[in-house]
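Everything below concerns the one structure shown next.
A short reminder: the numbers here are calculations on the coordinates, not readings from a lab. None of the values given here were measured: they were computed from a predicted structure. Quick reminder, even Gly has a Cβ in these numbers, built from the backbone with ideal geometry, and neighbours come from all protein chains shown.
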Amino acid sequence: MNIAHTRAFNALVFLMLLVFSLLTMSGAHADQTEASKEQQMRQQTQPLNNAPVWRGVASGQENFTTTKGRETGVLIQKSGQEWRLIRNEMIVKYGGWIVALTFLAIVAVFLIKGPVKLPEARTGKLIERFTSAERMAHWTMAFSFVALGVTGLILIFGKYVLAPVFGLTLFSWLAAFSKTVHNFVGPLFAVSIIVFFVMYVKDNMPEKSDMQWLLKGGGLFGHAPAGRFNMGEKVWFWGGVTFLGIAVSFTGFILDFPNFDQTRLTMQQAHIVHASAALVFITMSLGHIYIGSIGMEGALEAMRDGYVDETWAKAHHEEWFNDIKSGKVSAIRSKEGGATLGSQVYQP
Ligand code: HEM
């Protein structure tokens, strides 16, 4: 091929490329014009509807950003919609009913049956049931739990129950306040369950009397002897404080500290476990709080003042009382308890 031929060939290739580019550009231009026309029409028929843009954003397709980190290229993560549905359609709906119905059932038991009374008169002889350190550990855990429970319930059900009554302005203030309290009290609760566990685990080990206590329905079908803690308390200790306590604390930390580069999916999964476990925990706590306060004569005194009457110990924890009677276990657990009870202390 001579030089003239080569030039002619190059000119032909250039011309073909030019024609091809013009055709593609005009096609793209036509597409863009079509899209913008469609958008203009949409703005007239449905003002502020920017669906195509949001469809692109919600596609989950990774784009470009200068911010560094996992998932930073994805503006909206698609499975967030599934998480939203699980939260709103399942956890809020079924969890709400479980908590509300349990609360109503407890109110009904109180109104129909009333509190469990002592079977005999008090003797005035007292036994130290909890030391001040044990009571402090219990109340730190209990108050932090109640603060978390109340603020958690406001965060999950407030939009449906409180916002229509208080209005959106007051409710948004309350929700922001609840969120802050919840975030700060969470770690305190997590630490309190560890301290509580160490102090109480020894007397929550399985015993022979546990099965008997269960078969007697915890006293519903006749006298149910128990050690220092009965089977109901042990279920609360292991299933509630230990298992659910660890579940809500662990997932709570994942949600409280999003700065460990966890993905949104991890936080969504943590949230589902956190909210579900917390609602079961709150439901169980309603029964415990009832029995520990107005549901049983003499129970609150044990956790408030630290000691119980001989009659109470015999009626509710007979095996423990027998150990004290035989001298196997002391009626006094601390120096301070001995000094407070003085001559009123139970003598085996
Ligand atoms: C705020 C209201 C509460 C009240 C009035 C209350 C009352 C009581 C009482 C009176 C006892 C002593 C029972 C006995 O002498 O056998 C007790 C024990 C106990 N409480 Fe509470 N409590 C409350 C909240 C909580 C919470 C929120 C938790 C857990 C998060 C909890 C966990 C326990 C445990 C595990 C025991 C000891 C039972 C065992 O170790 O087996 N309490 N409570």
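Counting only residues that are under 29 Å from the mean Cα position of the chain (by Cα), assigned to a helix (DSSP H, G or I) and more than 9 Å from the ligand (Cβ to nearest atom), the stretch 200-209 holds 1 of them.
Identify all residues within the stretch 299-313 that are in contact (Cβ under 8 Å) with a residue 60 or more places away in the chain and buried (at least 18 other Cβ atoms within 10 Å of the Cβ); write none if there are none. Scanning the stretch 299-313 gives Ala302, Gly306, Tyr307, Val308, Asp309, Glu310, Thr311, Trp312, Ala313. Picking from residues in the stretch 289-330 that are in contact with a strand residue (DSSP E or B) (Cβ under 9 Å, 6 or more places away or on another chain) and on the phi > 0 side of the Ramachandran plot, the one that is farthest from the ligand (Cβ to nearest atom) is Gly306. Screening Ile127 against (1) touching a residue at least 40 places away in the same chain (Cβ under 8 Å); (2) exposed (fewer than 12 other Cβ atoms within 10 Å of the Cβ); (3) β-branched (Val, Ile, Thr) leaves a single unmet condition, (2).
If the condition is being out of contact with any strand residue (DSSP E or B) (no Cβ under 6 Å at 6 or more places or on another chain), aliphatic (A, V, I, L, M) and under 30 Å from Met199 (Cα atoms), then the stretch 96-148 contributes Val99, Ile106, Leu118, Ala133, Met136, Ala137, Met141, Ala142, Val146, Ala147, Leu148.
Looking only at residues in the stretch 58-102 that are surrounded by 14 or more Cβ atoms within 10 Å (Cβ to Cβ) and without any contact (Cβ under 8 Å) to a residue 60 or more places away in the chain, the one that is farthest from Asp261 (Cα to Cα) is Ala58. Tell me, which residue of the stretch 276-296 that is assigned to a loop (DSSP other than H, G, I, E, B) and surrounded by fewer than 19 Cβ atoms within 10 Å (Cβ to Cβ) is nearest to the chain's Cα centre (by Cα)? Filtering first and then ranking leaves Ser293.
Can you tell me which residue within the stretch 267-298, out of those that are hydroxyl-bearing (Ser, Thr, Tyr) and in contact (Cβ under 8 Å) with a residue 40 or more places away in the chain, is farthest from Thr151 (Cα to Cα)?
Tyr290
Taken over the stretch 219-229, residues that are part of a helix (DSSP H, G or I) and surrounded by fewer than 15 Cβ atoms within 10 Å (Cβ to Cβ) amount to 0.
Being out of contact with any strand residue (DSSP E or B) (no Cβ under 8 Å at 6 or more places or on another chain), part of a helix (DSSP H, G or I) and closer than 21 Å to Phe257 by Cβ is a property that holds for Thr151.
Residues that are over 29 Å from Glu128 (Cβ atoms), of a type outside the set (Val, Ile, Thr) and near the ligand (Cβ under 9 Å from one of its atoms): does the stretch 281-288 have at least one?
Yes, some residue in the stretch 281-288 is over 29 Å from Glu128 (Cβ atoms), of a type outside the set (Val, Ile, Thr) and near the ligand (Cβ under 9 Å from one of its atoms).
Please indicate, with yes or no, whether at least one residue in the stretch 132-147 is touching a residue at least 40 places away in the same chain (Cβ under 8 Å), more than 16 Å from the ligand (Cβ to nearest atom) and of a type in the set (A, V, I, L, M, F, W, C). Checked the stretch 132-147: no residue is touching a residue at least 40 places away in the same chain (Cβ under 8 Å), more than 16 Å from the ligand (Cβ to nearest atom) and of a type in the set (A, V, I, L, M, F, W, C).
Could we say that Phe189 is closer than 30 Å to Trp320 by Cα, within 13 Å of the ligand (Cβ to nearest atom) and touching a Leu at 6+ places or on another chain (Cβ under 9 Å) here? In short, yes. Looking across the stretch 114-148, the residues that are of a type outside the set (Lys, Arg) and assigned to a loop (DSSP other than H, G, I, E, B) come down to Gly114, Pro115, Leu118, Pro119, Glu120, Ala121, Thr123, Gly124, Phe130, Thr131.
Residue count for the stretch 243-268 under the criterion of being of a type in the set (S, T, N, Q) and crowded, with 17+ Cβ neighbours inside 10 Å: the result is 3. Count of the stretch 59-85 residues, restricted to those that are within 15 Å of Arg264 (Cα to Cα) and β-branched (Val, Ile, Thr), is 3. Exactly one residue among Ser209, Ser178 is surrounded by 18 or more Cβ atoms within 10 Å (Cβ to Cβ) and in contact (Cβ under 8 Å) with a residue 60 or more places away in the chain, and that residue is Ser209.
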